[in-house]
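These notes are about the structure you will find just below.
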Amino acid sequence: MGSKGRLQYMRTPMQVDAGFVRRARAHGSPEARMRFSSPCVEGSCQQWTGEGCGVVLKVLAALDGADLPASVGLQPCVIRASCRWWEEKGAPACEACQYVVTDQEALAAE
């Protein structure tokens, strides 16, 4: 997450292991500064609506009508090929992704 609260995209995927978590936590809450992805587990997730991901629906609804900067187009993304949001909602989900921060409390405290 960049200094202006916008997602900065990585060029290569990273594996999260214990060493990464330890180094990342040394600088505050990783969830306030980084986005993490994992495979969709569909019905095993409390966010599953029965037809898709409820999180992307909430994000898109929250951003609907918001005064956001003009789109610069889709950025390179190392998870797009396996992204549930992309599969379900396409480009609007990609545009919305940059505004999602998991740990808002930690971000506000930093």
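Take the chain with all the other protein chains still there, run a 1.4 Å probe, and you get 71 Å² of accessible area per residue. Which residue fluctuates most in the GNM of the chain (Cα springs below 10 Å): C53, C45, C83? Residue with maximal mean-square fluctuation among C53, C45, C83: C45. Scanning the chain for trypsin sites (Lys or Arg not before Pro) in DSSP loops with at most 15 neighbouring Cβ atoms within 10 Å leaves 12-110 as the longest stretch between them. Amide H to amide H, with H built 1.01 Å from N, W48 comes under 5 Å of G54, counting only residues 5 or more places away or on other chains. Rounded to the nearest 500, the helix-only mean residue ellipticity at 222 nm of the chain stands at -9000 deg cm²/dmol, with each DSSP H run of n ≥ 4 adding -39,500 (n - 2.57).
With a Förster radius of 35 Å applied to the C-beta separation of A91 and R22, the computed FRET efficiency comes to 0.45.
Share of carbon and sulfur in the accessible area of the chain stands at 53%, probe radius 1.4 Å. Comparing S29, S37, S71 in a Gaussian network model of the chain, where Cα atoms under 10 Å apart are tied by springs, the biggest mean-square fluctuation is seen for S71.
The loop-placed chymotrypsin sites (Phe, Trp or Tyr not before Pro) in region 1-104, going by DSSP, that have at most 15 neighbouring Cβ atoms within 10 Å of their Cβ come out as Y9, F36, Y99. For region 1-93, what class follows from the C-alpha gyration tensor (a ≥ b ≥ c being the square roots of its eigenvalues): rounded when a/c is under 1.5, otherwise prolate if a/b is larger than b/c, else oblate? In terms of gyration-tensor shape, oblate.
The values are calculated or read from the model by the stated rules, or taken from the named source; none is laboratory data. Quick caveat, the model's predicted, so the values are computed rather than measured. Heads up, the Cβs are rebuilt from the backbone with ideal geometry, glycines too, and the neighbour counts pull from every protein chain shown. In case anyone asks, the SASA skips ligands and DNA or RNA and just uses the protein heavy atoms, side chains included. Shrake-Rupley method; radii C 1.70, N 1.55, O 1.52, S 1.80 Å.
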